[in-house]
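Participant: After the structure tokens below, expect a handful of questions from me.
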Amino acid sequence: MAGSSGPWIGSAYLFLQSTCKTIVLPSLYESSQKKPSVFKALKLALADSTGSVNGVDMLKVHCSHPHLIVQLKFCKQENCRRFLQSYREGVLQESLQNHLQLSLAMTAVPLEMELKAGNEHLDNMLKDEDRCLECIYREKPDRLRDEEITELEECLKSLIVHQSINNNMAVKDCMSLNSPSLPYPSQGSSLSPQVTFIFQGEEFANRTLTPDDHQKFAKLVSKKWKQVGRSLQKNCRALRDPAIDNLAIEYDREGLYEQAYQLLLRFIQSEGKKATIARLIAALEENGLISLAEELLGLHSNEDCS
């Protein structure tokens, strides 16, 4: 495929379209107010797909109604392979939907995706990874990075710094105000097959996680939020590596509360009715956070759970 004379470089186009008639991605991207938020979601989702913020480069974003078309450049075959695996397994789609939902403060952003390299529709050959890699490698980038992309990169960096310095509490207040629209399953909805669970020899009714659980977890889990996340990721595709590390980077300046809050938010959004107290308690037990588990179960332990 790639000879020893130079680096492995390839290009592809990612076509994105919302399946919701009221959400038109090109229109959102053409809006000066919404464009940074859409770009941020794209950037983070692509980082999730390759395991690195530099794993794939966006050269240009085209608006061709109803599609948003992202021109991608890969400089390493291994990064491209990880991207293809993420795309094939639906991880990229789920990640981008989650990031768009958060960035745009919407309840849901359902997407359809299509991947092309030249005249080849890669969706028709995803099971043949080597053939996809060959098609992408054959398509060399026909442009340098668009100036607008560079400006958006700088805007994103400035936005993160500005929010962390001036709007830390405002961000938390906004999350609190928006909480009714977040996808917390209703308490009246059908429970998961596990109706009860055992904790410290006692039987408790299983239930879906509530906003109160969410806030208590974020407040009390402290530095161990990442360990809890890695326990939850065993059965939650949305928390697969590098999603947890990306959350740590993205919300580093906001502090431990916001990092933990965003971790559990990702879990709740991804798992829906399956985001149960039993699963969270099991993850807390696995990491020795017994007093936090007791707090969530209303046992009112006064021990330090950090």
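Participant: Taking 30 Å as the cut-off for C-alpha to C-alpha distance, list the pairs among Lys43/Lys224; Lys116/Lys273; Lys76/Lys224; Lys21/Lys226; Lys216/Lys274; Lys226/Lys274 that go past it. List each step's numbers first, then the result.
Facilitator: Values: Lys43/Lys224 27 Å; Lys116/Lys273 35 Å; Lys76/Lys224 34 Å; Lys21/Lys226 37 Å; Lys216/Lys274 19 Å; Lys226/Lys274 20 Å.
Correct reply: Lys116/Lys273; Lys76/Lys224; Lys21/Lys226.
Participant: Next up: Along the charge dipole of segment 13-101, pointing to its positive end and built from +1/-1 on Cβ of Lys, Arg, Asp and Glu, which listed residue (Met58, Tyr87, Leu44) has its Cα farthest out?
Facilitator: Comparing the listed Cα positions along the dipole, Met58 ranks first.
Participant: Check cross-link reach from Lys223 to the aspartates and glutamates: straight Cα distance under 14 Å, and skip same-chain residues fewer than eight apart.
Facilitator: Qualifying aspartates and glutamates at Cα under 14 Å: Asp245, Asp252, Glu254, Glu258, Asp304.
Participant: Cα to Cα, under 16 Å, and not fewer than 8 places away if on the same chain: which aspartates and glutamates meet these conditions relative to Lys35?
Facilitator: The reachable aspartates and glutamates, counting only those whose Cα sits under 16 Å from Lys35, are Asp146, Glu147, Glu148, Glu151, Glu153, Glu154.
Participant: Also: Roughly what would the spin-label model give for Glu285 and Lys234, points 7 Å off Cα along C-beta, in nm?
Facilitator: That separation, rounded to one decimal, is 1.1 nm.
Participant: Run the simple label-point estimate for Thr210 and Glu89 please: 7 Å along Cα→C-beta, distance reported in nm.
Facilitator: 3.5
Participant: Okay, next question. Can you tell me how much longer the chain between Thr107 and Lys273 gets when fully stretched, taken as 0.36 nm per residue apart minus their C-alpha distance, in nm with one decimal? Write down the numbers at each step before the final one.
Facilitator: Details: separation 166, 0.36 × 166 = 59.76 nm, distance 1.57 nm.
Extra length from Thr107 to Lys273 when fully extended: 58.2 nm.
Participant: Now for a separate question. Within segment 109-127, what residues put their amide N at less than 13 Å from the label point 7 Å along the Cα-to-Cβ vector of Thr19?
Facilitator: Only 109-114 pass the distance filter.
Participant: Report the FRET efficiency, 1/(1 + (r/R0)^6), for Leu126 and Ser222, where r is their Cβ-Cβ distance and R0 is 51 Å, rounded to 0.05. Spell out each step's value before the answer.
Facilitator: Values: r = 41 Å, r/R0 = 0.81.
So, using R0 = 51 Å, E works out to roughly 0.80.
Participant: I would also like to ask the following. Stretched out fully, how many nm does the piece from Val53 to Leu144 gain, at 0.36 nm a residue minus the Cα gap? Please list the in-between numbers first.
Facilitator: Numbers: separation 91, 0.36 × 91 = 32.76 nm, distance 1.82 nm.
My answer for the length gained is 30.9 nm.
Participant: Now, a different point. Report the relative contact order of segment 1-74, percent, no decimals, based on alpha-carbon pairs under 8 angstrom and at least 6 residues apart. List each step's numbers first, then the result.
Facilitator: Values: 92 pairs, mean separation 29.3, N = 74.
Over segment 1-74, the number comes to 40 percent.
Participant: So between Glu78 and Leu156, what do we pick up on full extension, going 0.36 nm a residue minus the alpha carbon distance?
Facilitator: Numbers: separation 78, 0.36 × 78 = 28.08 nm, distance 2.67 nm.
Stretched out fully, the Glu78 to Leu156 stretch lengthens by 25.4 nm.
Participant: Can you run phi through the Karplus equation (6.51, -1.76, 1.60; θ = phi - 60°) for segment 207-217 and list ³J(HN,Hα) in whole Hz, with x for Gly and Pro?
Facilitator: Computed from phi, the couplings for segment 207-217 are 7, 6, 5, 10, x, 5, 4, 4, 5, 5, 4 Hz.
Here, each number is a calculation from the coordinates, and none is a lab measurement. Keep in mind that this is a model prediction, so the values were computed, not measured. No Cβ is skipped: glycine too gets one built from the backbone with ideal geometry, and neighbour counts run over all protein chains shown.
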